Amino acid sequence: MDKLKIEGGPTLSGTIEISGAKNAALPLMAATLLAPGAYRLSRVPRLRDIHSFCNLLEHLGATCRWDESEAAVLHIDTTHVKGWKAPYDLVRKMRASVLVLGPLLARMGRAKVSLPGGCAIGARPIDLHLKGLRALGAEMELRDGYVEATALRLSGTAYYFDVPTVTGTENLMMAAALAQGETLLENVAREPEIVALGKMLEAMGATVEGLGTETIRIQGAPELAAVGFENIPDRIETGTYMVAAAITGGDLLLEGADPSALDAVIVKLRETGCSIETGPGFIRVQGVERPESADLTTLPYPGFPTDLQAQFMALMCVAKGASVITETIFENRFMHVAELKRLGADIRIDGRSAVVKGVEALKGAPLMATDLRASASLVLAGLRAEGTTVVNRVYHLDRGYEAMEQKLAAVGARIERIRE
């Protein structure tokens, strides 16, 4: 397994180009199953999860091809999709694979999808997906680790999510786009990735109202059409590099970013003493020698994202004073704490909160990545730590960050990938 070797200390300075959002690209790719034809998705990051999803689409009969002249353009042709089974060996690698359930059911009238895998950060059940699809008229059965669903034709309905769920909202949006009549989805998740999917469904021929609010209304179409569509910037990658500037006391210009998707992050980093400038398509972050402490609670969008909690904790490890970080989204998302403590961090877990007492200096050490965002936090801590830090099992990192070590090296980090 590859590892990253980091020599801590340099102050980062320069420009980083933000990639397209992985968490938006995956539902956009799933939406191509709704209608046969050739799709052109631009600003798609070349990540392990994207390649895994391509493998799943190809198993179903689609073809996926990267554009030879434009590196971030992915061509998907679903003309000859006949399959409706998503097997365990393909789905187990990432939770987002469950996103094929809604579009397969809507287009093929049936779907058999393995219960999903992904990072071990919590239970993340899909019962809300299944209840919603039943409300649309599907017959559902769980058997031998698979969801088996059938429906002659889905029908519009009103459905209320007991808890906002991103992938659940996306699955029902895609299914509703081909359902007969109108579907009203209430208490939906409001993430920018959901807005992007809604805009693609509109381009394909569905009528979608209420994007970005807690209520989405979808008028299904008898059939949809293949389209070209541009992905949105990755707000989690952007937030990670914002923290990279903060933790090294650096000055980074993040081009291609969307500041409006990161209001909560900007507020928190300003609390730590960072100077932040924003404008159309960019964010500039200037850190300080040692940040101020700030408490944090993760919340559904537009609150502070759980996917940036670990990175912010790395920053608080070297802050002045103590901070309390509370995780409300996933019950098992403090696995990075043990590794940060190996660097000399002072962290105490109390239920769903972590009390972090900032120290003047971290010391480099060998570390083990446990999940995607934890991997990023360890890299950030290594940038600040004195001496050498080696982050093992970075295949987690490769699931969500495009060429991270190259982007960081280009702005002054002493970081290299050791291939095994």
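Quick rundown of the values:
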| read-out | value |
| --- | --- |
| Neighbour-limited loop hits for GluC sites (Glu not before Pro), the range 1-95 (at most 15 other Cβ within 10 Å; DSSP other than H, G, I, E, B) | E68, E70 |
| Karplus 3J(HN,Hα) series, Hz, for the range 254-265 with 6.51 cos²θ - 1.76 cosθ + 1.60 (x for Gly, Pro) | 9, 8, x, 8, 10, x, 5, 8, 10, 4, 5, 5 |
| Cα Rg, Dmax (largest Cα-Cα span) when computed across the chain, Å | 21.4, 64 |
| Anchor K3: aspartates and glutamates whose Cα lies under 18 Å away (excluding residues fewer than 8 positions away in-chain) | E339, D371, D398, E402, E405, E416, E420 |
| Reachable lysines, given that their alpha-carbon falls under 19 Å from the alpha-carbon of K82 and they are not under 8 places away in the same chain | K112 |
| Relative contact order of the chain, defined on C-alpha pairs under 8 angstrom at six or more residues apart (%) | 21 percent |
| Relative compactness, the range 22-230, computed as alpha-carbon Rg over 2.2 N^0.38 Å | 0.92 |
| FRET efficiency for S42 and D144, using Cβ-Cβ distance with R0 set to 45 Å, rounded to 0.05 | 0.70 |
| Test item: Cα-centred dipole of the range 22-230, Lys/Arg +1 and Asp/Glu -1 on Cβ, debye | 440 debye |
| Extension gain from D346 to H80, taking 0.36 nm per residue of separation minus the Cα-Cα distance | 90.2 nm |
| Cα-derived Rg to Rh of the range 307-351, Kirkwood definition | 0.91 |
| Cross-link table K5/K357; K131/K268; K22/K320, entries beyond 28 Å C-alpha to C-alpha | K131/K268; K22/K320 |
| Residues in the range 207-224 that a label on E186 would reach, taking backbone N under 17 Å of a point 7 Å out along Cα→Cβ | 209-211, 213-218 |
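Values quoted throughout were computed directly from the atomic coordinates according to the rules given, and no laboratory measurement underlies them. Predicted model only: the values in this text are computed from it and were never measured. Because the Cβ atoms are built from the backbone with ideal geometry, glycine has one as well, and the counts that use them run over all protein chains shown.
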